[in-house]
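Below: the structure, in structure tokens.
The values are calculated or read from the model by the stated rules, or taken from the named source; none is laboratory data. All of these numbers come straight from a predicted model, not from anything done at the bench. Positions of Cβ are backbone-derived with ideal geometry, glycine not excepted, and every protein chain shown enters the neighbour counts. Each accessible area value is taken on the protein alone, full model and side chains, heavy atoms only, with ligands, DNA and RNA left out. Shrake-Rupley method; radii C 1.70, N 1.55, O 1.52, S 1.80 Å.
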Amino acid sequence: MRLLDFLNLSEGGYISPKDAADLNRELATKSLSDIAPDHRQNVLDYLLKAMEFDSVDHNIRGNINTLISDLQEAILA
């Protein structure tokens, strides 16, 4: 699953484990500027849940944590 596919999911849409892994890998390459302000809360909510459920590969956790921090700062600003 690509970020665009995720953003186009209807509320309550299903994400398979493979889709989540693909999405996580893509998000690990993104920066705050790659995510439109209107979508930042949705992406942040997803990432926080993904980390909570330990579904993010350990080798990309650093990048995901950076993106989470950047999203949180931007949303709170």
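Give the label of the value calculated from the structure for percent of Cα pairs over 19 Å apart, choosing from (i) 62; (ii) 39; (iii) 27.
(iii)
Be a star and scan the range 62-77 for residues whose amide nitrogen sits under 20 Å from the point 7 Å along the Cα-to-Cβ vector of ASP45.
The answer is 65, 67-77.
Using only Cα atoms, locate the centre of the range 1-31 and the centre of the range 42-77, then give the distance between them in Å, rounded to an integer.
The range 1-31 and the range 42-77 have Cα centres spaced 13 Å from each other.
Given a 1.4 angstrom probe, I'd like the percentage of the accessible area of the chain that is carbon and sulfur, rounded to a whole number.
Numbers: 2470 of 4880 Å².
Accessible surface attributable to carbon and sulfur in the chain totals 51 percent.
Expected output is a single nm value to one decimal: the length gained when fully extending between ALA36 and GLN72, i.e. 0.36 nm times separation in residues minus the C-alpha distance. What is it? Don't skip to the end; give the middle numbers.
Working: separation 36, 0.36 × 36 = 12.96 nm, distance 1.38 nm.
Full extension from ALA36 to GLN72 adds 11.6 nm.
How much accessible area per residue does the chain have, in Å², with a 1.4 Å probe? Walk me through the intermediate numbers first.
Numbers: 4880 Å² over 77 residues.
Per-residue accessible area for the chain comes out at 63 Å².
Add -39500 (n - 2.57) for each DSSP H run of 4 or more in the chain, then divide by its residues: what number comes out at 222 nm, to the nearest 500 deg cm²/dmol? Could the numbers behind the result be given before it?
Details: 4 runs with 45 residues, N = 77.
One gets -18000 deg cm²/dmol as the mean residue ellipticity at 222 nm.
Enter the accessible area of LEU67 (Å², nearest 10), with the probe set to 1.4 Å and all protein chains included.
Its accessible surface works out to 0 Å², give or take rounding.
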